[in-house]
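Let me begin by presenting the structure, written as structure tokens, before commenting on it.
The values are calculated or read from the model by the stated rules, or taken from the named source; none is laboratory data. This structure is a prediction, so every number in the text was calculated from the model and none was measured. Virtual Cβ from ideal backbone geometry, glycine too; neighbours counted across all protein chains shown. Heavy atoms of the whole protein, side chains included, go into the accessibility calculation; ligands, DNA and RNA do not. Shrake-Rupley method; radii C 1.70, N 1.55, O 1.52, S 1.80 Å.
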Amino acid sequence: MKTRNFILYFIGFLALCSCDDMFSPMDENNRPEEAMYEESKYAHGLLISGYELLPYQTTTQTDIATDDAVTNLRTSGLLNMATGTWASDNDPMSVWDNCKHGIQYVNKFLSKVERVKWAPSAASKQQMFVDRLKGEAFGLRAVFYYYLLRAHGGYADDGILYGVPLLTTPEDGSSDFNQPRATFAECVQQCFADCDSAMALLPFVYKDIDSEEDIPAKYRALGAEKSGFNLVFGLKARNLMSSKVAEATKAQVALLAASPAFRDQSGVTSAQAAALCANVLKRIGGMEGFDPTGNKDWFMSSFKTVIEGTADIPEIIWREDLRKNADQERENFPPSLFGNGRVNPSQNLVDAFPMRSGRPISDPNSGYDPQNPYENRDPRLSETVILNGSTFRRSVIITGTYPAAENMTNDNINSIATSTRTGYYLKKLLRDDVSPLASSTIEQQHVYPRIRYTEIFLAYAEAANDAWGPKEDPNGYGFTAYDVIKAIRQRAGLATNAIGQPLPEGDAYLEECAADKARMTELIRNERRIELCFENKRFYDLRRWLLPLNEPVKGVQIDRNGDVLTYTILNVEDRVFDNSYQCYGPIPKGEILKWSKLKQNKGWQ
């Protein structure tokens with residue numbers, strides 16, 4: 001037995017000895033960086049990784065942490081945050097890691113792009129590719145820094161308004177990772193510089209040209225031909241970062257910086273923000289380019305022009321690639337339509353919609369009837385929210401406490417786990433020609449905007465009113481804050497009677513507000529709330545305006561006695577935010593613990 005064991009051990013020893021690298025590390029399957037200079041797809045992967053990390057949210061998420069909505073998903077991190085658990089080590093709003101990773105990919109790409117052989121056989125193509133790809137990278141970096149500023153910029157205990165550490169070169173193993181936060185103003189200037197660099201290198205839009213004469217002189221001098229130019233800057237590149245997108249991003253950064261929460265130390269005034277917004281809008285002719293159906297057509301089922309993904313959408317500056325799915329509908333349809341009813345619009349939001357006359361429901365002259373609260377209201381209300389008794393997908397949705405004719409009681413308030421908690425269901429962004437039924441799902445194309453022209457119009461109105469007042473245009477842009485809000489309200493169908501005819505007195509409430517800058521500010525903010533609701537703007541708007549974050553969220557219980565409905569306002573969810581400091585988000589606690597030079601925002605641990 002001992003002899004047998006000895007033989008087995010000896011054979012095993014020989015086997016081990018025959019493997020020279022048995023106890024040495026295997027060569028890692030990592031390609032050297034130098035390989036990317038000869039293989040453009042390898043290098044391009046760095047930039048693609050940046051695109052994949054873009055922080056845009058394409059479904060309704062953050063609104064459930066505001067006074068606009070709640071969710072019936074009791075395990076939601078955003079619900080927990082809004083009801084008291086928001087902390088520097090528990091921050092569902094953080095974009096720190098995602099954006100820092102995106103910046104690293106972009107910086108790495110920028111350090112390599114000019115040495116990569118993108119088109120080694122043609123100098124003109126090589127230069128065009130280098131210019132376009134560099135421009136894209138600069139634009140992406142501006143987006144990442146904008147989102148970092150929005151989520152993490154704030155005042156530290158030393159009274160200085162900080163942004164985030166500024167990194168414009170790639171980090172490696174020899175880098176000093178213990179970097180202090182740059183000031184907010186320095187970060188804003190970096191965003192502006194990156195946007196300007198992108199705009200200098202990229203076309204306003206990507207499109208095929210018809211003639212060599214349309215090729216920019218610097219590329220013609222290198223021998224560029226139409227086919228080569230179209231390969232790089234043509235239609236196939238559509239939906240990449242462009243000069244148009246970079247210009248709009250710069251306007252977004254400026255509005256943030258000029259807002260009440262940041263303006264004291266951002267280095268940007270409302271006049272500057274208005275000018276940058278006007279630059280974007282002048283590209284489409286100012287008010288002449290205002291899309292008369294831009295408030296809804298891009299997400300409604302009747303909008304068919306983008307099915308093949310080739311048509312421009314006048315309202316949208318930049319969007320996600322089209323996707324065919326039923327995800328948003330599955331999450332938000334009422335239970336009777338096989339949805340989970342996740343996002344429940346609040347009574348607060350419903351009350352923000354004015355009467356059809358344009359007057360708010362709180363106005364004694366509005367004609368609002370609390371016993372018939374949805375009558376003669378702003379048409380946008382029924383386009384945004386499924387109300388009690390609404391017909392949606394040929395079904396009557398009853399959110400009250402009484403059964404519908406079909407006895408579909410799951411839609412009633414608090415009936416089951418997926419029922420509404422507020423008495424309302426989401427309608428905006430949902431296509432009524434989708435079916436989320438598991439056994440026979442019907443999916444449709446969806447348009448998910450990243451930046452809309454309406455957002456920039458509203459940004460201009462906000463900044464221009466703050467800088468000069470409602471009707472002033474000292475720089476000759478050709479439109480005022482008043483002009484923008486008038487167009488938005490006319491598009492919505494306000495100041496009209498029940499059959500859509502203009503009221504004899506016109507939009508009297510707008511005229512009253514236009515005579516007072518403070519009232520106009522309130523009106524602009526309310527129009528922004530309505531127009532951009534459920535597009536993940538409200539949480540950040542409240543913070544940059546320094547408005548209360550802790551407004552209780554209300555709903556409505558609708559009971560029926562015979563043919564009479566009664567409406568009881570409910571307190572659905574208390575918001576537990578500390579307005580003294582939580583208008584500025586935290587730096588992640590893990591980063592503060594790791595790096596001694598990082599300062600935390602005031603109030604956060």
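Observations on the structure shown:
- Condition met for Ala508 (of a type outside the set (Ser, Thr, Tyr) and at pLDDT 95 or above): yes
- Pair list, Cβ < 7 Å and 6+ apart or interchain, from the stretch 295-319 residues that are among the small types (Gly, Ala, Ser) to residues that are at pLDDT 90 or above and part of a loop (DSSP other than H, G, I, E, B): Ser301/Arg431; Ser301/Asp432; Ser301/Asp433
- Only one of the listed residues (Tyr482, Tyr402) is closer than 30 Å to Val143 by Cα and open to solvent by less than 40 Å² (accessible area, probe 1.4 Å). That residue is Tyr482.
- Boolean, Pro120 is open to solvent by 20 Å² or more (accessible area, probe 1.4 Å) and either under 29 Å from Tyr56 (Cα atoms) or at pLDDT 95 or above (or both): no
- Identity of the residue in the stretch 557-590, among the acidic types (Asp, Glu) and not in a loop (DSSP other than H, G, I, E, B), that ends up farthest from Arg543 (Cα to Cα): Asp559
- Residues of the stretch 568-605 satisfying the condition of being among the hydrophobic types (A, V, I, L, M, F, W, C) and either within 18 Å of Thr66 (Cβ to Cβ) or more than 25 Å from the chain's Cα centre (by Cα) (or both): Ile569, Leu570, Val572, Val576, Phe577, Cys583, Ile592, Leu593, Trp595, Leu598, Trp604
- Cβ-Cβ contacts under 9 Å between residues 6 or more apart (or on different chains), taken from a first residue in the stretch 363-389 that is within 11 Å of Val350 (Cα to Cα) to a second residue that is polar (S, T, N, Q) and assigned to a loop (DSSP other than H, G, I, E, B), are listed as Tyr374/Asn388; Arg380/Asn295; Ile386/Thr399; Ile386/Thr420; Leu387/Thr399.
- Residue in the stretch 419-426 that is touching a helix residue (DSSP H, G or I) at 6+ places or on another chain (Cβ under 9 Å) and open to solvent by 20 Å² or more (accessible area, probe 1.4 Å) present: no
- Taking residues in the stretch 252-265 that are farther than 14 Å from Gly163 by Cα and open to solvent by 10 Å² or more (accessible area, probe 1.4 Å), and partners anywhere that are assigned to a helix (DSSP H, G or I) and among the acidic types (Asp, Glu), the pairs with Cβ atoms closer than 7 Å and at least 6 places apart or on different chains are Leu255/Glu462.
- Leu532 being open to solvent by less than 20 Å² (accessible area, probe 1.4 Å) and modelled with pLDDT of 95 or more: yes
- Ile592 being open to solvent by 60 Å² or more (accessible area, probe 1.4 Å) and among the aliphatic types (A, V, I, L, M): no
- Among the residues making up the stretch 192-214, a single one is closer than 10 Å to Gly139 by Cα and in a loop (DSSP other than H, G, I, E, B): Leu202.
- Test result for Asn414, assigned to a loop (DSSP other than H, G, I, E, B), without any contact (Cβ under 8 Å) to a residue 40 or more places away in the chain and either open to solvent by 20 Å² or more (accessible area, probe 1.4 Å) or not β-branched (Val, Ile, Thr) (or both): yes
- Of all the numbered requirements in (1) hydrophobic (A, V, I, L, M, F, W, C); (2) part of a loop (DSSP other than H, G, I, E, B); (3) at pLDDT 95 or above, Ala404 misses one, and that requirement is (3).
- Among the conditions (1) touching a residue at least 12 places away in the same chain (Cβ under 8 Å); (2) open to solvent by 10 Å² or more (accessible area, probe 1.4 Å); (3) hydrophobic (A, V, I, L, M, F, W, C), Met520 misses just one, which is (2).
- The condition (being free of Cβ contacts under 8 Å to residues at least 24 places away in the same chain and out of contact with any Leu (no Cβ under 7 Å at 6 or more places or on another chain)) is satisfied by just one residue among Ser174, Ser111: Ser174.
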